[in-house]
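Take a look at the structure below.
The values are calculated or read from the model by the stated rules, or taken from the named source; none is laboratory data. Predicted model only: the values in this text are computed from it and were never measured. Note that each Cβ is placed from the backbone with ideal geometry, even for glycine, and that neighbours are counted across all protein chains shown. Side chains are part of the model used for accessible areas, which takes the heavy atoms of the whole protein and leaves out ligands, DNA and RNA. Shrake-Rupley method; radii C 1.70, N 1.55, O 1.52, S 1.80 Å.
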Amino acid sequence: MRVDLFDFDLPEERIALRPVTPRDHAKLLRVIPDQPLQDLHVGDLPDLLREGDALVFNDTKVIPAQLEGTRERDGTVATVSATLHMRTGADRWKAFLRPAKRVKEGERIRFGHSGSSCFLGTLDALVAEKHDSGEVLLVFDVSGAVLDEAIASVGHIPLPPYIASKRAEDAQDRQDYQTVYAREEGAVAAPTAGLHFTPELLERIRAKGVEEHFVTLHVGAGTFLPVKADDTADHKMHAEIGYVSEETAAALNRVHERGGRIISVGTTSLRLIESATGEDGIIRPWSGATDIFITPGYKFRAIDMLMTNFHLPRSTLFMLVSAFSGFETMQAAYAHAISNEYRFYSYGDASLLTRRDA
């Protein structure tokens, strides 16, 4: 499909720079294909669920994966920014460099403050590989838990570019840009639909007899990359690492067996569960990298409903929701959201979508 079909005009003031407080006071647009749209709030979610349903959450935890450093060559020092996006070994990460042209393969980058131990503020890495689009493989001088500690010491929360271009990251973001159930470290971007949940809201959902299950997909910085191709067939997704346990797969299969609905909290858990589901509709234990790219025409295998935020024009995520609830349905939903002052993107409001063929 032509990528420009997924374009739309979004006023700058609709981009949320801070989340709503409390989290569950954000707006929630209920979208059921061929039915009127409903303007609700996230706190209304328990009333939209039924006993026997199951919510699937992504329990990945955001790490401070934005690193600022320097590269020295022939006595000249250049500043470099790196966004880690996928760990490939105990001492190595794939990353996006900016500006990439300042660094060559085989050069070293010093991150953090010079003159201190890595525990207290410096971290050195070798650029082992350099690829297109500014992607590199960084091999660090330390590994394992020591590397994790060093990244936590020198790194910053990698706010999405549409927020970072308007304000700097601050201490509040370390709390705001993390779900209340985050536990598996490794993401460089939050599964943002989950940011709306509070302990109180989760308790109300449990009281309805709704199950909650957790999967892990470590969201990468590739989620923010624009689709530069003119046709969706020419776009290549960046892979992300994920896990679905045997216990979770079996529990979700039982939900469908008894007639319950599986509701994905976020596109990340949806993409992971769909990757783990066979053409027979059976969800299986799964581990590895997924680069699944969902566009209109995709036949969903497992997920019945999707809670998600409002996404960028021409983005793979707007393509995904258009596949889920229908292209015309989502165009109308987004037009409604814009005209009714919904807040967009990571810190914005949410929608609850029903699958078109559900």
| request: Count charges around A16 for me, please; just the other residues with Cβ under 9 Å from its Cβ, Lys/Arg as +1, Asp/Glu as -1. | output: +2
| field | Accessible surface, per residue, of the chain when the full set of protein chains is kept, probe 1.4 Å, Å² | value | 44 Å²
| query | How large, in Å, is the range 66-156 by the Kirkwood hydrodynamic radius built from its alpha-carbon pairs? | reply | 12.8 Å
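Tell me whether the range 266-358 comes out rounded, prolate or oblate; compute the Cα gyration tensor, take square roots of the eigenvalues as a ≥ b ≥ c, and use a/c under 1.5 as the rounded threshold.
On the way: a/c = 2.25, a/b = 1.77, b/c = 1.27.
Prolate, since a/c reaches 1.5 and a/b exceeds b/c.
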| query | Straight-line reach from K130: which lysines have a Cα under 18 Å away, not including same-chain ones fewer than 8 places off? | reply | K94, K101, K104, K236
| remark: Longest principal axis of the chain (C-alpha) makes with the long axis of helix 267-276 (C-alpha) an angle, in degrees to the nearest 10, of 80 degrees
| field | the range 1-86: chymotrypsin sites (Phe, Trp or Tyr not before Pro) in DSSP coil with no more than 15 other Cβ atoms inside 10 Å | value | F8
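Taking all protein chains in place and a 1.4 Å probe, what share, in percent, of the accessible surface of the range 66-156 do carbon and sulfur account for? Mind showing how you got there, number by number?
Values: 2190 of 4570 Å².
Using a 1.4 Å probe with all protein chains present, the range 66-156 comes out at 48 percent carbon and sulfur.
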| task | May I ask you to order 165-177, 27-39 by the average number of other C-beta atoms within 10 Å around their residues, highest value first? | result | 27-39, 165-177
| query | What share of all Cα pairs of the range 144-278, in percent, falls into each consecutive 5 Å distance bin? | reply | 2, 8, 14, 19, 19, 15, 12, 8, 4, 1
